[in-house]
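First up is the structure itself, then whatever we jot down about it.
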Amino acid sequence: AGRVRRTLTLKAYTHVSDLYGPYWINSIPATVSEAPYILDGLCLSEIGKKIKEHYADTGGFTDLVFAAVALLGYRFIPRIRDLKSKRFYVFDLKSVPKELRCLAGGKVREQTFIDNWGDVLRCTATMGSVKDLSHF
């Protein structure tokens, strides 16, 4: 009878400054999205707290991370694979430049933001102040 061998494969998600020096490294399972781990390096390291903008590959891009990084005061510049197949939601469809209208998926439901804004701010403040983000 054959034995099943399970091997845990890890990858290192490394935050690198514009001076090309790593300032935060996470060991994460190779099969998970890198996106949530972006917040670790920005919020948990002293250097990360001084960073003004963060670049990420496609694996670091999710809507929630995009929002959280912006709310925490960083500029987020992800490289988004298959951009043509993605859709962005905007507050005012008429204000979208003609050249970008093909990327607009629809209008944001503003009332949802208004109704939940207090919870969003509490969650963001917690992310910016805790010492361990693993429970988020």
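Read the figures in this text as sums done on the coordinates, not as results from a lab. Remember, predicted model here, so these are calculated numbers, not experimental data. Every residue, glycine as well, gets a Cβ built from its backbone with ideal geometry; the counts of neighbours run over all protein chains shown.
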The range 66-113 shape via C-alpha gyration tensor axes, a/c threshold 1.5: oblate
Which of 118, 60, 88, positive extreme of dipole for the range 10-129 (C-beta unit charges): 88
Estimated distance in nm for a label pair at residue 103 and residue 57, the labels positioned 7 Å out from Cα along Cα-to-Cβ: 2.2
Dipole magnitude of the chain about its Cα centre (Cβ charges: Lys, Arg +1; Asp, Glu -1), debye to nearest 20: 480
DSSP H segments from the chain that extend 27 Å or more along their own axis, Cα-based, with Kyte-Doolittle mean of -0.5 or above: 110-129
Computed FRET value (nearest 0.05) for residue 92 with residue 12, which takes r as the C-beta separation and R₀ as 41 Å: 0.45
Neighbour cut-off at most 14 other Cβ (10 Å), DSSP loop, trypsin sites (Lys or Arg not before Pro), the range 15-100: 52, 79, 81, 86, 87
Under the Karplus curve 6.51 cos²θ - 1.76 cosθ + 1.60, θ = phi - 60°, whole-Hz ³J(HN,Hα) for the range 89-96, x wherever Gly or Pro sits: 9, 10, 7, 9, 4, 5, 7, 6
Calculated FRET value between residue 79 and residue 4, using beta carbons and R₀ = 35 Å, to 0.05: 0.40
For residue 104, residues with placed amide H under 5 Å, excluding near neighbours: 88
